[in-house]
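Student: The structure is given below, and queries will be raised subsequently.
What follows is calculated from the coordinates using simple rules that are stated; it is not laboratory data. These figures come from a predicted structure and were not determined experimentally. Positions of Cβ are backbone-derived with ideal geometry, glycine not excepted, and every protein chain shown enters the neighbour counts.
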Amino acid sequence: MNELRETSHQLPDGSWVALQLQCDALYSEWTCFWLTFIVGKIRPAWYRFFPEGTQPPEWKLMKPAKAVDKQTAPDDDLDEDPEDTARHNKGKFGAARKLSKGRYVFQCKVAAATTGDLELPNVEFEVRRGPHGAGWG
């Protein structure tokens, strides 16, 4: 998989969030899952992903973007200006995992004050090869 998928969703209270799935096996072994609060109150969000056709695991709390960045890249790899990074990561939460080849389902839910937790539409994706199989020839 070499893709970036993004969808926006309006919550019942008028808030907007963007859900993003990011993976490029040529450059990284990580698949990243992001949720950004664009308009409205920032609130807890959870995620889970699983191989297609299997039972979903328990929900896990999404981490602030800064924590995900530290997980996926050494500090010396992050060459952005700290102020630019902080601005870019405002309201952004996520998770990152190293996934084997296969088809997966990603699910995300957001705490909603009046309606309980709100599940966003599923994102189905495929990991075709890992970074070790990428490259020339």
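Student: Stretched out fully, how many nm does the piece from Ala86 to Asp13 gain, at 0.36 nm a residue minus the Cα gap?
Tutor: Between Ala86 and Asp13, full extension yields 23.6 nm more.
Student: Which distance in nm do the two modelled labels at Ala73 and Ile38 give, with both placed 7 Å along the Cα-to-Cβ direction?
Tutor: 2.3 nm
Student: Let me ask something else. Using a basic spin-label model with each label point 7 Å from the Cα along Cα→Cβ, how many nm lie between Ser28 and Asn122?
Tutor: With each label placed 7 Å out from Cα toward Cβ, I get 2.5 nm.
Student: Next question. Please compute the length gained on full extension between Thr115 and Leu61, using 0.36 nm multiplied by the number of residues separating them and subtracting their Cα-Cα distance.
Tutor: Full extension from Thr115 to Leu61 adds 17.5 nm.
Student: Continuing with the same structure: Given labels modelled 7 Å from the Cα in the Cβ direction, how far is it in nm from Ser100 to Thr54?
Tutor: In this crude label model, Ser100 to Thr54 measures out at 0.8 nm.
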